[in-house]
Each structure stands twice: as C-alpha cells, then as structure tokens.
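Asker: Dumping the structure here so I can ask a few things about it.
Since every read-out is calculated from the coordinates, none of them should be taken as a lab result. Fair warning: this is a prediction, and the values are worked out from it, not measured in the lab. Cβ placement follows ideal geometry from the backbone for every residue including glycine, while neighbour counts extend to all protein chains displayed.
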Amino acid sequence: MWSRVTSTSDYWLTRFVVLRLLGFIYLFAFLTLVYQGIPLIGENGLLPAENFLEFYGSRFDSRFDAFVSLPTLFWFHISDGLILALAWVGVVLSSVIIIGFANVPLLFLIWALYMSFDHIGQIWYGYGWEAQLLETSFIAIFMVPTLDPRPFPRTPPPVLIIWLLRWLAFRIYLGAGLIKIRGDECWRELTCLFYHYETQPIPNPLSPLFHFSSKAFHVLGVLWNHVSELVAPFFAFWPRRARLSAGVLFVFFQLFLILSGNLSFLNWLTIVPALACFDDGFLKRFLPRFITKRAEVAARNARPSRVQFVVSLVVVLAVGWLSIPVVQNLLSSRQLMNSSFNQLHIVNTYGAFGSVGKQRLELIVAGTSDEQITAETQWKEYQFKAKPGDPYRRLPIVAPYHYRVDWQIWFAAMSKPEYHPWLIHLIWQFLHNDPGALSLIAHNPFPDEPPRFIRVDRYQYSFVPPGDTSGAVWNRTYLGQWLPPLSQDTPELVEFIRANNWKP
C-alpha cells in the first residue's frame, strides 16, 4: 500500500501551485495586519486585544490553561510593537513561500503566527475565511519535506494530503450550497442574484454591470451556483476526467465571483483546495516550460519517504475523526455556517451568503464644528476606503486585501448601535482626531481640529441605472438617524468609554 500510494509523480506541479497561491493569500492577510492591526486591536485600538485577553484569561486558573483554550503567542506578551513586528514577520514568510521555498518549520510557523492573530482578532476576524485559511495551511504543512525548502525537492507530494485538500474542497462547496438552499428562499426560487451584486459588502466596478444584466442571466447564475456547490463536490474524488471537470468548475466559479465583487481573499483561498483536483498532466498545459521541466526532473529523482507516509496517514485519520461533527452539521437541518469545532481550526464548517439582502443599507458618519445643532447646521461626511459613501465616488478594486472596518459597518447598518460598541468607540476617536482611527478611512473632513459633534445616519443605496448622465454611481434615500449627535462631553458616551476600559 505504501509503495502504491507514494510512487506517484502526478502532483508535483499541484503542490507547487498550491503553495505559491497560499503564500500570495498570506501576503495580503499579513499586510492587512501591518496597516490595520494596531488601530483595530492595538493598545488604543477599537477593540484592544489586551483587554480581550485580560477578560478571557480571568476565566482560568493559569495562563497555561488559557493558552490551551485559546492558543496564541500573545498570552506571553502583547504590545503595539510586537503586533507590528509579527505582522511584518508574516509578510516576510509569505514572500519566501511565494518565491518558491517552503518546508515544515516555515509552514508551521506561518500557521501558528496567523492563528495567534486570529484568536485575538475578535469580530475583525469573525469571518469564515480566517478559519479556512488556517485549515488550508495546516494541511499544507504535510505536503512538504521536513527541511528541504526547494520548490521541487526529492520527496514527492503525499497523495493522501492531496485527498485531504479535496475533502476540504468538498466541505467548502457543499456547505455553501446547503446553507443557501436552507437559508433563503430566493436561492430556491433562483432570484437571489437579482439583488446580490448591489447588496454585497463591497461592490467593485463590474458589479453594476452584473446587476443590470437580464433576469435570465441571473437565473442561470443561480443555477450555475447550485451546480458548482451542490453537484460538482461529489465528483472531486471520482476518476480523473470527472475530477478535472469538477476542479475546472470550482475555479471558474471563484474567478467569476472575483470579477463581480470584493470578497476579501475568500475566493482566492477557495481556489487552493480546488487545485487538488488537478494533476501534473493537466497543469503542465498552462504553466511555463521551465517550471514543468523542473517538475519532470524532480519526479525522475524522487525518493518517497516512509516517515512522511506514516505522518500523512496519521493526519488523515485525525482529520477523519475531527470531521464527524462537521458531517453531522452538514446533514443537520439547523446547519451552522462558518463554525469551528476545535480551538486549532483544523476541521471547520463553511458557507457564505446563506441569506441575501433585498436592499442595501449604508451608515453615513458625519460631523460638524457648530457649537449648537440647528436646522441650518452643515454636516460633513467621513469617507471610508472601500464602502459606499459619496454617491459620485468610483467603486474600488480592493480584493484580496480586506478593509475590516468597512465590512463591519456593512453588518452594523442592518442592526442597532448597542450591538456594535466598536463603532461608538470609532466615533469617540473621530471626536479626538485619533491618528490610528483616521488611518482606517479615506478622508477626514476635519483635518485641522476635531468636530464638535458626530452623528450616524442610515440611507438606502441603489445603483444608478445605465444611461444616467449625472455621473453618480449610487442613488440614495435618507431613512433616518442611526445614532444621535454625540460630542466629547456627552455623559453617556464618556461613561460608555470608561465602562469598556477604553482610553478616555
């Protein structure tokens, strides 16, 4: 059995492409931390990680017990300097992987490093693709030799680990398909794409084009979604021709999503396990000759490792055991979306857009320097880096980068202020022209001195139809006040800041 399973050279290029794409995704994930980590979770961040660790650690008798429950390097020390330094370490490690070098210590280190940030990230890291990145990179640890970091080492890619990537792809796509069918009737009625392109978190320049396409195009799009997520996953383990077809469908489905919106690095990441459906015979048609030739040379000089085979077998058995609650969740009528069943995020359940909003709500943060608010008060709007604000501003292309505040405001617009304390803290920091908070936005309308009051209004946004000559991207309708005007002296605001142990 060991000889048959390991005597394959079919996945040298598969491993090469998987690792390069994984490094590319990690690069953007760590760059997000470099530029947003301190204003989000730093000492004076919107949700300081130090406060979170202090609160979480109070439940345990020792720091070691807390570490076992929530593994993160920041239990031993946390500071703004360390957050920034480790974020840059992640950037360097990602770059090393991109240029072609990877072994067990390197992949383990980058996995452990990102998990350390994920576990202190709080709502900023509450997205399903964070756990998905950790699970994907955990599997990748066992694709490479222990020490040899070369792109094409002598140790062949373990086919058992390739199967684990296919198992991950199966769960990602099937979980996403089932949560849609169970979660929102518009997926069953084939109408969800009538709304999705307009109401998704961060539309891109092509989103209006997709939105104003024909109803037949949208119905076919939903059908394609269902085939990709509910049918194709079952062919991921079939013989070669069916498996390749499933892989092609997976990849083109994700590329279509990349073209139609800014979904952070989710779509890029979801391509990674789909690549395990491809073998060298398929990939060599698309890769440069100098790369495929090196893979052929490595295959001729391959030296299968018994140790690697045994380790791979143990990992497969462990993942199989940890998959039991995940499979039970997939079969449940009360399916959970984007949940982890262990603190290392080794095997998780996934899903996206289980429900689709029928209208786009936006929160607009605005301030004034007037000492008294009257009917004549002029309000100046804060502009964020990616989310809709000024109706005339062009739609951005930001993915696979992730503007985390912009995403959270999208959620907040559909909720109430009491469920989003971080946004109250953001207003407090705007009232003081805090440099960290201001680094998270595109335009501060009060560069010289902070405003006297800030309020938050809610609007309904909709794309301007084709042929409009106004130059606007959005139409918007005022719906009402989401949060009343607040100032540095508002007693309730001051008390709220103190109650949360945030710096006054």
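Asker: Charges at C-beta only: +1 for Lys and Arg, -1 for Asp and Glu. How large is the resulting dipole of the stretch 176-293 about its Cα centre, in Debye rounded to 20? The partial results should precede the final answer.
Answerer: On the way: 11 positive and 7 negative charges, 127 e Å.
Roughly 620 debye for the stretch 176-293.
Asker: If each residue of separation counts as 0.36 nm, what is the full-extension length gain between Met414 and Glu492 once their alpha-carbon separation is subtracted?
Answerer: Details: separation 78, 0.36 × 78 = 28.08 nm, distance 2.33 nm.
Length difference between fully extended and current span is 25.8 nm.
Asker: Then there's this: For the stretch 65-156, with the dipole built from +1 on Lys and Arg beta-carbon atoms and -1 on Asp and Glu ones, taken about the Cα centre, which of Gly100, Trp129, Ile139 lies farthest toward the positive end?
Answerer: Gly100
Asker: Once Lys and Arg get +1 and Asp and Glu get -1 on their Cβ, which of Pro304, Ser260, Ala276 lies farthest toward the positive end of the dipole of the stretch 226-360?
Answerer: Going by the Cα projections, it comes out as Pro304.
Asker: Now for a separate question. First measure r as the distance between the Cβ atoms of His77 and Ala499, then evaluate 1/(1 + (r/R0)^6) with R0 = 22 Å and state the FRET efficiency to the nearest 0.05.
Answerer: Details: r = 27 Å, r/R0 = 1.21.
It comes out at approximately 0.25.
Asker: Also: Pop a pseudo-label 7 angstrom from the Cα along the beta-carbon direction at both Leu317 and Thr377 and give the gap in nm to one decimal.
Answerer: Here the modelled spin labels are 6.8 nm apart.
Asker: Further question on the same structure: Subtract the Cα-Cα distance of Thr477 and Ser214 from 0.36 nm times their separation in residues, and report this length gain in nm to one decimal. Walk me through the intermediate numbers first.
Answerer: Numbers: separation 263, 0.36 × 263 = 94.68 nm, distance 2.50 nm.
Extra length available between Thr477 and Ser214 comes to 92.2 nm.
Asker: Ok, one more. Within straight cross-link reach of Lys284, meaning Cα distance under 26 Å, which lysines are found once same-chain residues fewer than 8 apart are removed?
Answerer: By straight Cα distance, Lys284 reaches Lys293.
Asker: Now a separate question. With label points built 7 Å along Cα→Cβ from the Cα atoms of Arg240 and Leu147, find their separation and express it in nm.
Answerer: In this crude label model, Arg240 to Leu147 measures out at 3.6 nm.
Asker: Neighbour counts of other C-beta atoms within 10 Å: give me Val91, Val248 arranged from fewest to most.
Answerer: Val248, Val91
Asker: Given R₀ = 30 Å, FRET efficiency for Ser462-Ser339 by Cβ-Cβ distance, to 0.05?
Answerer: On the way: r = 33 Å, r/R0 = 1.10.
Between Ser462 and Ser339 the formula returns 0.35.
Asker: Tell me the Kirkwood hydrodynamic radius of the chain in angstroms, computed as one over the mean inverse distance between distinct C-alpha pairs.
Answerer: Numbers: mean 1/r = 0.0407 Å⁻¹.
With all distinct Cα pairs of the chain included, I get 24.6 Å.
Asker: May I ask you to evaluate 6.51 cos²θ - 1.76 cosθ + 1.60, the Karplus curve with θ = phi - 60°, for each residue of the stretch 367-379 and list the ³J(HN,Hα) values in order in whole Hz, giving x for glycine and proline?
Answerer: Coupling constants for the stretch 367-379: x, 9, 9, 4, 6, 10, 8, 10, 5, 8, 4, 9, 9 Hz.
Asker: Here's something else I'd like to know. Taking a cut-off of 28 Å between Cα atoms, list the lysines near Lys180, but don't count ones fewer than 8 places away on the same chain.
Answerer: Lys215, Lys358, Lys387, Lys416
Asker: Also, I was wondering about something else. Quantify how much of the Cα-Cα distance distribution of the stretch 360-499 extends past 18 Å, in percent. Provide the component values of the computation, followed by the final result.
Answerer: Working: 5614 of 9730 pairs.
Across the stretch 360-499, Cα pairs with separations above 18 Å total 58 percent.
Asker: To continue, here is another question. Give me the one-decimal nm value for the distance between modelled label points at Val327 and Ser470, 7 Å along each residue's Cα-to-Cβ direction.
Answerer: The modelled label-to-label distance comes out at 5.6 nm.
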